[in-house]
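Enquirer: Let me begin by handing over the structure; questions about it come next.
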Amino acid sequence: MPRYGYDGYDGYDGYDGYDGYDGYDGYDGSGGRGGGAPSAALGSARDGTVGYWDGSADRTPASIGRDSWATFQTLGSKPKVKVLDQAIGGMFGVTLNDSKDANTTGTVSCHDKTIVTLNKPEEAFLAKHQLHYLRTAADLRPDRLGEIKVQISNLRSFFGLVGHMSPEATKWTLMLHYAVLRLMQSIEQPLKFGFDVARPIAMSYKVQPIIQTPGHGSWPSGHSTESFALATLLTRLFYNRAFDPKAEIAAGNDLYRLAARIATNRTVAGVHFPTDSMAGAVLGVTVAEALVRQLDGESQTTTRLYHGESYKGDFNLSLFSSALDDASIVETSSAPLPSGAVPYWLAQMWQTAKDEW
């Protein structure tokens with residue numbers, strides 16, 4: 001029977017399914033078809049063929065002299081994920097100053113330089129200036145329900161409308177796609193927790209979302225954060241042109257149009273305010289831009305401060321583009337990126353992913 005959306009949220013990134021797509025790590029299980037313990041069978045076969053061994057070496061490890069990129073490619077699926085997540089996640093940090101009460105401001109840093117500052121709205125402000133948008137958005141529910149249900153646990157398929165993403169043809173693009181998804185979740189969830197902003201359902205009995213409202217905080221929107229981060233990463237990979245997220249947003253490229261629709265669908269569903277999506281878009285674009293610029297060896301990245309405490313407006317791609325030009329909504333500056341911070345093997349992965357396109 002159908003399940004509410006939240007039931008699938010904890011498995012939202014789906015990376016366990018992809019990173020083990022070759023199934024090889026589970027290969028030993030096939031031995032069970034023969035009945036009995038495969039290890040015992042292998043042991044008896046070894047005893048019956050090797051004969052006497054004095055313990056001396058008779059082969060040279062192929063790993064001797066290879067570089068870290070070659071080593072990374074030999075890792076199993078889960079070790080790959082752990083190594084990749086440590087390298088990328090170690091570049092970023094979240095700061096929330098109050099560990100007891102809900103915070104009003106939170107920041108995200110890249111190599112100890114603040115790149116995102118989010119000033120949250122208060123619940124009374126949301127009730128007065130944001131809740132009414134959910135009434136209007138609810139009219140779209142019959143049209144968007146199918147998308148909303150799929151987007152609970154699957155973003156890749158929507159971005160796959162723009163560029164095919166398959167384990168065979170674009171293996172490293174896909175691995176980076178899921179790595180960015182996990183990175184954003186590791187950033188957004190502490191922020192949601194630290195801000196502790198109420199969901200729309202807590203402000204009116206008449207919201208009545210069409211999917212189950214998650215129990216964690218509303219601000220920033222995780223779906224907006226993740227979809228705009230992925231759109232930023234894939235904009236760099238899919239399109240053969242200079243990397244300029246702000247210009248791409250203003251031009252409305254297909255990836256950012258999809259990201260905005262995914263974010264808006266969460267308001268249509270009744271689980272997020274438009275300001276949640278604006279905060280997530282600022283967060284996702286800025287963090288992914290910093291990551292891409294590091295991978296590309298650049299020395300500067302964009303920083304942004306979102307005045308969520310005073311933003312009364314709706315959310316769509318055009319409004320987001322306008323907000324990026326309006327310092328009363330989003331203040332923009334820049335921060336330096338350190339040289340030599342990207343490991344050799346990660347730089348090689350990045351180049352291989354770019355070569356897939």
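Enquirer: Residues GLY55, GLY65: which one is assigned to a loop (DSSP other than H, G, I, E, B), open to solvent by 70 Å² or more (accessible area, probe 1.4 Å) and at pLDDT 90 or above?
Expert: Step by step, each of GLY55, GLY65 is checked, and only GLY65 is assigned to a loop (DSSP other than H, G, I, E, B), open to solvent by 70 Å² or more (accessible area, probe 1.4 Å) and at pLDDT 90 or above.
Enquirer: Pull out all pairs, ordered by first then second residue, where Cβ-Cβ is under 7 Å, the residues are six or more apart or on different chains, the first lies in segment 344-357 and is of a type in the set (Val, Ile, Thr), and the second is open to solvent by less than 80 Å² (accessible area, probe 1.4 Å).
Expert: Correct list of pairs: THR352/TRP172.
Enquirer: May I ask you to list the residues in segment 179-196 that are among the small types (Gly, Ala, Ser) and either over 9 Å from the mean Cα position of the chain (by Cα) or open to solvent by less than 10 Å² (accessible area, probe 1.4 Å) (or both)?
Expert: The answer is ALA179, GLY194.
Enquirer: Search segment 84-104 for residues being touching a residue at least 60 places away in the same chain (Cβ under 8 Å) and over 19 Å from the mean Cα position of the chain (by Cα), and hand back the single one that is least open to solvent (accessible area, probe 1.4 Å).
Expert: ASN103
Enquirer: Output the residues belonging to segment 124-168 that are small (Gly, Ala, Ser) and either open to solvent by 50 Å² or more (accessible area, probe 1.4 Å) or farther than 30 Å from LYS78 by Cβ (or both).
Expert: Matches in segment 124-168: ALA124, ALA127, ALA137, ALA138, GLY146, SER153, SER157.
Enquirer: Something else: Please find, among ALA288, ALA279, ALA335, the residue that is under 17 Å from GLU248 (Cα atoms) and open to solvent by less than 60 Å² (accessible area, probe 1.4 Å).
Expert: ALA288 is the lone residue from the list that is under 17 Å from GLU248 (Cα atoms) and open to solvent by less than 60 Å² (accessible area, probe 1.4 Å).
Enquirer: Just need a number here: residues in segment 198-212 that are in contact with a Pro (Cβ under 7 Å, 6 or more places away or on another chain) and either of a type in the set (Gly, Ala, Ser) or closer than 17 Å to HIS129 by Cβ (or both).
Expert: 1
Enquirer: List the residue pairs whose Cβ atoms are under 7 Å apart, where the first residue sits in segment 134-162 and is closer than 28 Å to TYR178 by Cα and of a type in the set (Lys, Arg), the second is in a loop (DSSP other than H, G, I, E, B) and open to solvent by less than 30 Å² (accessible area, probe 1.4 Å), and the two are 6 or more positions apart or on different chains.
Expert: Qualifying pairs under 7 Å: ARG156/MET165.
Enquirer: So, of the residues in segment 226-244 that are of a type in the set (Ser, Thr, Tyr) and under 23 Å from ASP326 (Cβ atoms), which turns out to be surrounded by the fewest Cβ atoms within 10 Å (Cβ to Cβ)?
Expert: THR235
Enquirer: Please go through segment 245-257 and give me each residue that is closer than 10 Å to PHE228 by Cβ and either open to solvent by 20 Å² or more (accessible area, probe 1.4 Å) or without any contact (Cβ under 8 Å) to a residue 60 or more places away in the chain (or both), ordered by number.
Expert: Result: PRO245, single match.
The values are calculated or read from the model by the stated rules, or taken from the named source; none is laboratory data. Values in this document were obtained by computation on a predicted structure and should not be read as measured data. Note that each Cβ is placed from the backbone with ideal geometry, even for glycine, and that neighbours are counted across all protein chains shown. We work out accessible area using only protein heavy atoms, side chains counted, and drop any ligands, DNA or RNA first. Shrake-Rupley method; radii C 1.70, N 1.55, O 1.52, S 1.80 Å.
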